[in-house]
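For reference, the structure is listed below as structure tokens.
The values are calculated or read from the model by the stated rules, or taken from the named source; none is laboratory data. Everything quoted here is computed from the prediction, not taken from an experiment. Here Cβ is always computed from backbone atoms with ideal geometry, including for glycine, and neighbour counts include all displayed protein chains. Please note that ligands, DNA and RNA were not included when accessible areas were found on the heavy atoms of the full protein model with its side chains. Shrake-Rupley method; radii C 1.70, N 1.55, O 1.52, S 1.80 Å.
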Amino acid sequence: MTLVDTAPSTPGSAAPIQTRSERPTSFDPADFGTPSGREVNWKLSDTARLAPLFADEETSGAVEYDLSALEAAGVLVTGDDAARGEIFRPEDLPSAIAWKRSETGLHVRIPAGEVLSEPLIARLRGLGAGLHGNDHIVIEALPDSVATVVLDHSGTAALAQNVEIIVRDRATLTVITVQQWEDDAVHAAAHQAVVGERATLKHIVVSFGGGVVRVNPSVRLAGQGSETALYGLAFSDAGQHLESQVYLFHEGQDTKGDVLYKGALQGQGARTVWIGDVLIGPDATGTDSYEKNQNLVLTDGTRADSIPNLEIETGDIAGAGHASATGRFDDEQLFYLQARGITEETARRLVVAGFLMEIVQRIGIPELEERLAADIEAELARGAGLAPASKAGA
Amino acid sequence: MSTLEIRDLQVSIETDQGTKPILKGVDLTIESGGIHAIMGPNGSGKSTLAYTIAGHPRYNVDGGTITLDGEDVLAMSVDERARAGLFLAMQYPVEIPGVTVANFLRTAKTAIDGEAPAIRGWAKTVNEHMDQLRMDKSFSARNVNEGFSGGEKKRHEILQLELLKPRFAVLDETDSGLDVDALKIVSEGVNRAHETSDLGVLLITHYTRILRYIQPTHVHVFVNGRVAEEGGRELADRLEDEGYDRYLTAQA
Ligand SMILES: Nc1ncnc2c1ncn2[C@@H]1O[C@H](COP(=O)(O)OP(=O)(O)OP(=O)(O)O)[C@@H](O)[C@H]1O
Ligand SMILES: [Mg+2]
């Protein structure tokens, strides 16, 4: 879609990516101060509403886990076998607390060579708005395996969550996290992944529900010939703050990265934040990398922050680029549809749904695609009575 | 029997340099079954006329009327015009990411007819028409006009024309960019629509070649925002030989 290109909406832009890769990490919450909202990784965040996740306290019972699909597939490991921290390093306070206070120690391991065509869906249901939960989940795909793991969030809670993703050599792993929380949920998730030789990670963040949702995926393409596709979809309604800080590090040779995040905003105070940092390291010759964020503003009174950063430390790459666009409806698309008899309201819905379906169409799981298509329709129905964004407000 | 009547139509657009008048008093009457070719130099306002009939918001109507069987077309929204039976095959069809051709066609048909088409019969009808236009079935699952070649976009426009069955169709350079075979295929589509539903056609073109396949009942020469001359088929042949010099000097 032809969106109006706008300059990054935040003055001063983000810190250089080097700072990002050198960001302090620690397993001890005491090493992180309580975020004030001035820190580089918090300055566009809703620290006031995320505050429950800054409390380093014993937690239990905030979230109910339905792991039956994973149990049936025999992919859960327990006890000494369920090691964590091989690649994960907490980068902020909620993440360090989630590490320390993790309740389930959930560890998913796809056996070597195993090809699982059915998606493995873990259902996480928040049991109450005031309840604080902490968890650290490991998802590990052994060499030559193929699998899809879905973390499906609903209900409400205040959840700090770490997801440690290890894609061993030649494995193909898809991780999808769906946030279909109730309006008062608060969720901060740190996903950290390492991808091995000729392995592939497809990572998809879908945020529809929740008051404040911050899912920050960080992916290191370590192995030669490794690939990743990082996709995101956010539909922010009045009062929602949906955020993703994406970090993609091309470390090995001949790696390929494709980052595409899309957002739609409707209603007073609807907010999205996207920061996309791509670092092409000194040894990452032959890198092919592209990142893009597009936001569609459906009504006035919304705000989309979009900050792409690309840093290249080697001269010998195959290609790299980035793009960011935030805008209102494309009048030509609406005209085309209306010229076929479709009412303006239906035309708007088709265009927005289409804009977001571009991500859904890349998921590759028909049942999940159908559900998300229905969720998008439901979101659009919620916005049916709202006045469309004015041209000047684009 | 329907009549689309354009009287003294004056249209301008807003540009960075201010308001620019483009149509300067267009008179044109098309009846059901009539095939009117409009030929004229680049920039003379042909697409402007086409978009104004369809109701594109960019164009300001400063004077004159457009009526369909006496109904005021200019008072209708874009979608109302389409539902009233007007169709525009665009010179540059628009891409719509994430919306499949199948979904788009069904939604448009439902809007035009006021009810959803029967699922089974509809799929069959769409497939038949795609066959006739030599469009591969895989187009149904593709997003509207996304990645279509120039010629594929034009076939897709004619597919819509055949499926939506309007009373009047404006074809804005539908023949441009078509190879010889595609020109024939697309022309046959227009002729089918003409025969089956007594379609009235406003055919904007730069070339007489399409007029070998689609026989015009009238030819209008469009120069500097108005109709400079009208005639039959022979006028088109004369334009092919002589060009527009005659009109441009007369105007200067
Ligand atoms: N956005 C615009 N800004 C400035 N001028 C415009 C704009 N749109 C149209 N025009 C001008 O209006 C005039 C008529 O354009 P129009 O597209 O109707 O011509 P046309 O007869 O269809 O030409 P062609 O044969 O090249 O398709 C041209 O001079 C064109 O430059
Ligand atoms: Mg034109």
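Here is a check on your reading of the model: is residue B:75 more than 9 Å from chain A (Cβ to nearest Cβ) and open to solvent by less than 40 Å² (accessible area, probe 1.4 Å)?
Values: more than 9 Å from chain A (Cβ to nearest Cβ): yes; open to solvent by less than 40 Å² (accessible area, probe 1.4 Å): no.
The answer is no for residue B:75.
Would you pick out the residues in region A:103-118 that are assigned to a loop (DSSP other than H, G, I, E, B), open to solvent by 20 Å² or more (accessible area, probe 1.4 Å) and under 21 Å from residue A:194 (Cα atoms)? Lay out the reasoning, then the answer.
Initially, region A:103-118 is screened for residues assigned to a loop (DSSP other than H, G, I, E, B), giving A:103-106, A:111-114, A:116-118.
Still in the list and also open to solvent by 20 Å² or more (accessible area, probe 1.4 Å): A:103-105, A:111-114, A:116-118.
The answer is A:105, A:111, A:112, A:113, A:114, A:116.
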**Message:** Can you tell me which condition residue A:377 does not meet? The list is (1) acidic (Asp, Glu); (2) free of Cβ contacts under 8 Å to residues at least 40 places away in the same chain; (3) within 7 Å of another protein chain (Cβ to nearest Cβ), and all the others hold.
**Reply:** (3)
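Being surrounded by 15 or more Cβ atoms within 10 Å (Cβ to Cβ) and either of a type in the set (Gly, Ala, Ser) or part of a helix (DSSP H, G or I) (or both) is the requirement here; does residue A:386 meet it?
no
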**Request:** Return yes or no: is residue B:170 within 16 Å of ligand 1 (Cβ to nearest atom) and not in a helix (DSSP H, G or I)?
**Result:** yes
**Asked** Of all residues in region B:173-184 being more than 16 Å from ligand 1 (Cβ to nearest atom) and not basic (Lys, Arg), which is nearest to the chain's Cα centre (by Cα)?
**Response** B:183
**Message:** Looking only at region B:23-41, how many residues end up being among the β-branched types (Val, Ile, Thr) and surrounded by fewer than 20 Cβ atoms within 10 Å (Cβ to Cβ)?
**Reply:** 1
**Request:** Would you please name the residue that is nearest to residue A:233 (Cα to Cα), looking only at residues in region B:91-113 that are without any contact (Cβ under 8 Å) to a residue 40 or more places away in the chain and facing chain A (nearest Cβ under 7 Å)?
**Result:** B:107
**Request:** Give just the number: which of (1) at pLDDT 95 or above; (2) touching a Ser or Thr at 6+ places or on another chain (Cβ under 9 Å); (3) more than 11 Å from chain A (Cβ to nearest Cβ) does residue B:157 not satisfy?
**Result:** (3)
**Message:** Condition first: open to solvent by 10 Å² or more (accessible area, probe 1.4 Å), of a type in the set (Gly, Ala, Ser) and under 22 Å from residue B:48 (Cα atoms). Can you find one or more residues in region B:168-186 that meet it?
**Reply:** yes
**Qualifying strands (runs of 3 or more DSSP E) (wholly inside region B:1-112; at least 2 residues being within 14 Å of ligand 1 (Cβ to nearest atom))** = B:3-15, B:18-31, B:35-39, B:59-68, B:86-89
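Every residue, every condition in (1) within 13 Å of chain B (Cβ to nearest Cβ); (2) open to solvent by 30 Å² or more (accessible area, probe 1.4 Å); (3) assigned to a loop (DSSP other than H, G, I, E, B); (4) of a type in the set (Asp, Glu), yes or no:
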position: A:289; (1), (2), (3), (4): no, no, no, no
position: A:294; (1), (2), (3), (4): yes, no, no, no
position: A:314; (1), (2), (3), (4): no, no, yes, no
position: A:334; (1), (2), (3), (4): yes, no, no, no
position: A:345; (1), (2), (3), (4): yes, yes, no, yes
position: A:349; (1), (2), (3), (4): yes, yes, no, no
position: A:353; (1), (2), (3), (4): yes, no, no, no
position: A:357; (1), (2), (3), (4): yes, yes, no, no
position: A:362; (1), (2), (3), (4): yes, yes, yes, no
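Check B:88, B:49, B:68 and return the single one that is within 15 Å of the chain's Cα centre (by Cα), away from every other protein chain (no Cβ under 14 Å) and open to solvent by less than 40 Å² (accessible area, probe 1.4 Å). Break it down stepwise before answering.
On the way: B:88 fails: away from every other protein chain (no Cβ under 14 Å); B:68 fails: within 15 Å of the chain's Cα centre (by Cα).
After applying the criteria, what remains is B:49.
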**Request:** Any chance you could count how many residues in region B:5-35 are away from ligand 2 (no atom under 16 Å from the Cβ) and either closer than 19 Å to residue B:91 by Cα or of a type in the set (Phe, Trp, Tyr) (or both)?
**Result:** 1
**Prompt:** Of all residues in region A:296-309, which are open to solvent by 10 Å² or more (accessible area, probe 1.4 Å) and charged (D, E, K, R)?
**Reply:** A:300, A:303
**Prompt:** Just a yes or no: is a residue in region B:43-59 more than 16 Å from ligand 2 (Cβ to nearest atom) and not hydroxyl-bearing (Ser, Thr, Tyr)?
**Reply:** yes
**Message:** Quick test for you: out of B:146, B:128, B:115, pick the one residue that is within 14 Å of residue A:333 (Cα to Cα) and open to solvent by 30 Å² or more (accessible area, probe 1.4 Å).
**Reply:** B:146
